[in-house]
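Chemist: One structure coming up, written as structure tokens, with questions to follow.
The values are calculated or read from the model by the stated rules, or taken from the named source; none is laboratory data. This is a predicted model, so every value here is computed, not measured. Heads up, the Cβs are rebuilt from the backbone with ideal geometry, glycines too, and the neighbour counts pull from every protein chain shown. Each accessible area value is taken on the protein alone, full model and side chains, heavy atoms only, with ligands, DNA and RNA left out. Shrake-Rupley method; radii C 1.70, N 1.55, O 1.52, S 1.80 Å.
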Amino acid sequence: MNKFKIGTFRATALVAGNMIGSGILVAPALLAPYGQMSLIGWILTTIGALALALVFSKLSTWIPNSGGPYTYVKHVFGDFVGFQMAWGYWISSWCGSVSLLIGTLQYISVFAPEFISNSTYSMILGLSMIWLFTYFNIRGLKETTFVGIIVFLIKVVPLILIAAIGIFYADFSRAFNFEKYDWSSLGSMSTVLLWAFIGLESATIPSEDVKDPQKTIPVATIVGVLITATVYILGAIVITAVLPQAELVKSAAPYVDSANKICGYPGYLFMIITGIIGLAGSLNGWILIQGQVPYAAAKEGLFPKIFLKTNENGVPRGVMIGSILMSAMFILTYQESLVKNLRLFINIAVLAMLLPYFYSVIAYGYLAVMKRTELTRVEKFFMPIIGLIAFLYSFILIVGTGKELISLCFLIFLVSVPFYCFIKNE
């Protein structure tokens, strides 16, 4: 029997679906205090994300093994740095999944505040969502990616519709009123902006399960980022133009409030339902990722052997382990302050992901020099430019997160050292 392989459309849906989650649906509220500077932030972040997408696309053709950033970094820097990248990426995947879960509950609270305020009900609902999408994942790659396509369409189509209809109801003097530029605010916005694009490398993670990966992965990565960037920027413009800043700052669900202003109650209800499905559905792709990365590392002896085991459908046991950890973290940290916890998990997820991104860019530069004789004239001209943009983008984001978050990131990676020593000793 032929093994199922992920095609271009499914891979693109995985990339865009993993990015379009809590980042788009709640980011406008988190960015509202920065006013019109948030639009500049979206544009600059899109440029950086496209540069990273091109970096990962090229790396996937040079190093076609599964594992994404982990594999690329290990190939260039060796076992220890490779292990740390797998560690950071793995932690980021389930912390990011918790943020998606909290974002989903925040959206549900707009529609049913009394239900979510009951900690027992909301806890049961949150855990049910985790294990529903874990079930889809353990059924196999074909089922997981099919669910991913359905979820992708459910969340993207309404966002495009609201942006398109909202143009006729918007006051664009609010959206493009750049009376005062506060460039220092870009650093404060950086984690939320980058979180909206975390997942752009998703197609590189299961690359050995992708059909014709050297063609499919670059197309899926670049097209996925372009789709996501289009949705983000159009949505940011329309929401800022439809909702006054005072309302936007207080909004728990900006797209829902915008739909209510534009289409009334039917639009309000439509956006709540699709938003909840879209946010919860993003868990599907991230649960897939949190099994694939430790599996790739375990194959090379850099993660415990338990992550190397698979079920009868060929799904790594890391999927179940990640879901157990996600459930435990959700239970231990769940409080009434959803937005506060959402921001916390976004910060942890982004910080743990930044170093794999940063090291991947350096690996890209190193391999470009080593393989210079294989490059075309066009590649020799554009690759240094792309690498420089991606390098500056990831470096500035790391610096812009602030000393406290950098210290937190340092501790996350410091904790990995004894685990590495234990694994190598085994």
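Chemist: Under the Karplus relation 6.51 cos²θ - 1.76 cosθ + 1.60, θ = phi - 60°, what is the ordered set of whole-Hz ³J(HN,Hα) values for region 285-302, x standing for Gly and Pro?
Modeler: Ordered by residue, 3J(HN,Hα) equals x, 6, 5, 4, 5, 6, x, 6, 5, x, 5, 5, 5, 5, 4, 9, x, 10 Hz.
Chemist: Starting from the Cα gyration tensor of region 83-161, take the square roots of the eigenvalues, sort them a ≥ b ≥ c, and report rounded, prolate or oblate (rounded when a/c is under 1.5, otherwise prolate if a/b is larger than b/c, else oblate).
Modeler: It comes out oblate by the Cα gyration axes.
Chemist: Using only Cα atoms and rounding to the nearest 10 degrees, what angle (0 to 90) does helix 377-400 make with the longest principal axis of the chain?
Modeler: Result, in degrees: 60.
Chemist: Helix 416-425 sits at what angle to the longest principal axis of the chain, using alpha carbons and giving 0 to 90 degrees rounded to 10?
Modeler: The angle comes out at about 30 degrees.
Chemist: How far apart, in nm, are two points set 7 Å out from the Cα along the Cα-to-Cβ line at Val399 and at Lys299?
Modeler: In this crude label model, Val399 to Lys299 measures out at 3.8 nm.
Chemist: Moving on to the next point. Output wanted: per-residue J couplings in Hz (rounded whole) for region 266-275, from phi through Karplus 6.51 cos²θ - 1.76 cosθ + 1.60, θ = phi - 60°, x for Gly and Pro.
Modeler: Computed from phi, the couplings for region 266-275 are x, x, 4, 5, 4, 6, 5, 5, 5, x Hz.
Chemist: Taking only C-alpha pairs under 8 Å that are 6+ residues apart, what is the relative contact order of the chain in percent?
Modeler: 34 percent
Chemist: Moving to a separate point now. What residues qualify as long-range amide H neighbours of Val210, i.e. H under 5 Å apart, gap of 5 or more or another chain, H built at 1.01 Å from N?
Modeler: Sorted by chain and number, the residues that satisfy this are Ile6.
Chemist: Tell me the Rg and the Dmax, in Å, that the Cα atoms of the chain produce.
Modeler: My reading of the Cα-based Rg and Dmax gives 20.6, 64 Å.
Chemist: How would you rank 99-108, 278-287, highest first, on the average number of other Cβ atoms within 10 Å across their residues?
Modeler: 278-287, 99-108
Chemist: If packing is taken as the average number of other Cβ atoms within 10 Å across a peptide's residues, how do 111-122, 4-15, 140-151 rank, most packed first?
Modeler: 4-15, 140-151, 111-122
Chemist: In addition: Show Lys261, Lys305 ordered by accessible area, largest first, where the area counts protein heavy atoms only and the probe is 1.4 Å.
Modeler: My answer, sorted largest first, is Lys305, Lys261.
Chemist: Ignoring any ligand, DNA or RNA, what whole percent of the accessible area of the chain comes from carbon and sulfur when the probe is 1.4 angstrom?
Modeler: Ligands and nucleic acids excluded, carbon and sulfur reach 67 percent.
Chemist: Run the numbers for Lys142 and Thr61: contour at 0.36 nm per residue of separation, minus the present Cα-Cα distance, in nm.
Modeler: Answer, rounded to one decimal: 26.8 nm.
Chemist: Taking the Cα atoms of region 255-389, what is the range of coordinates along each of the three principal axes, in descending order and whole Å?
Modeler: That gives 61, 43, 30 Å along the principal axes, largest extent first.
Chemist: Sticking with this one: Please list 3J(HN,Hα) in residue order for region 149-164, calculated via the Karplus relation 6.51 cos²θ - 1.76 cosθ + 1.60 where θ = phi - 60°; whole Hz, with x for glycine and proline.
Modeler: Once rounded to whole Hz, the list reads 5, 4, 5, 4, 5, 4, 8, 7, 4, x, 5, 5, 4, 5, 5, 5.
Chemist: Tell me, what is the FRET efficiency for Gln214 and Asp79 to the nearest 0.05, using R0 = 25 angstrom and their Cβ-Cβ distance as r?
Modeler: Working from the Cβ atoms, E equals 0.45.
Chemist: Considering the convex hull of the alpha carbon atoms of region 229-271, report its projected area averaged over all viewing directions, in nm², one decimal.
Modeler: 3.0 nm²
Chemist: Pairs Lys211/Lys371; Lys215/Lys305; Lys3/Lys211; Lys215/Lys299: which exceed 20 Å Cα-Cα?
Modeler: Lys211/Lys371; Lys215/Lys305; Lys215/Lys299
Chemist: Can you work out the accessible area per residue across region 249-291, with the rest of the protein chains kept in place, probe 1.4 Å, in square angstrom?
Modeler: On a per-residue basis, region 249-291 sits at 31 Å².
Chemist: What is the angle, in °, between the Cα long axis of helix 318-333 and the longest principal axis of the Cα atoms in the chain? Nearest 10 is fine, range 0 to 90.
Modeler: On a 0 to 90 degree scale, this one is about 40.
Chemist: Run a plain Debye calculation on region 192-314 (Cα atoms as equal point scatterers, no solvent) and give log10 I(q)/I(0) at q = 0.14 Å⁻¹, rounded to two decimals, same order as the q list.
Modeler: -0.80
Chemist: Once amide H atoms are placed 1.01 Å from N in the peptide plane, what residues at a sequence separation of 5 or more from Thr310, or on another chain, have their amide H within under 5 Å of its amide H?
Modeler: Placed amide hydrogens put Arg317 under 5 Å from Thr310.
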